[in-house]
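Quick notes on the structure that follows.
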Amino acid sequence: TTFRGHLWKLFLGVLYVDDEADPVELYISALKKKKSRLKCQDGRSSYKAIRDDSFRTMRGEKEVFDISKEEPKVIRVLNAYVHRANKPYNQGMNTILAPFIVCMNEMDAFHCFHHLLEKVTPT
């Protein structure tokens with residue numbers, strides 16, 4: 001995790017995860033659930049919508065975001081979030097996730113993204 005990643009975690013309050021379970025186990029259990037079939041507003045499965053959007057993540061930022069390396073992480077984190085939050089994917093979530101993927105490891109990115117959407121800006 002970069003210095004910027006530590007600042008994100010501090011800002012979001014996820015330096016010390018006080019969840020009901022081990023944060024590593026939460027992420028791994030969400031990953032094990034495979035492709036999310038939860039339907040988006042347009043009728044596609046969340047997994048299909050994630051795949052349709054993931055390749056566009058930070059497309060113009062090639063010097064900081066290598067899509068060939070980062071796209072699988074984006075897909076895994078977004079799919080895990082859909083499982084964990086039990087909410088469908090919405091277009092643009094990939095863009096919100098991207099700064100976390102750039103400056104921290106995948107599991108930390110998942111927890112920061114989840115915390116941002118569920119605790120800081122709940123819908």
**OP:** Would you mention how many residues in segment 63-96 are farther than 20 Å from LYS33 by Cα, open to solvent by less than 60 Å² (accessible area, probe 1.4 Å) and in a helix (DSSP H, G or I)?
**Re:** 2
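Select from segment 103-123 the residues that are open to solvent by 60 Å² or more (accessible area, probe 1.4 Å) and in a helix (DSSP H, G or I) and write down the one among them that is nearest to LYS33 (Cα to Cα).
As a first pass, look at segment 103-123 and keep what is open to solvent by 60 Å² or more (accessible area, probe 1.4 Å): 105, 119-123.
Next cut, in a helix (DSSP H, G or I) only: 119-120.
Values: LYS119: 23, VAL120: 26 Å.
Checked segment 103-123; the qualifying residue nearest to LYS33 (Cα to Cα) is LYS119.
What about ALA109, is it modelled with pLDDT of 90 or more and under 19 Å from PRO23 (Cβ atoms)? Spell out the reasoning first.
Working: modelled with pLDDT of 90 or more: yes; under 19 Å from PRO23 (Cβ atoms): yes.
Yes; evaluated as a whole, the condition is true for this residue.
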Original post:
What about ALA21, is it under 22 Å from LYS87 (Cβ atoms) and modelled with pLDDT under 85?
Top reply: yes
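The values are calculated or read from the model by the stated rules, or taken from the named source; none is laboratory data. Note that this is a predicted model, so its numbers are computed, not measured. Note: ideal-geometry Cβ built from the backbone for every residue, glycine included; neighbour counts use all protein chains shown. Quick note on the areas: whole protein, heavy atoms, side chains included, nothing else; ligands and nucleic acids left out. Shrake-Rupley method; radii C 1.70, N 1.55, O 1.52, S 1.80 Å.
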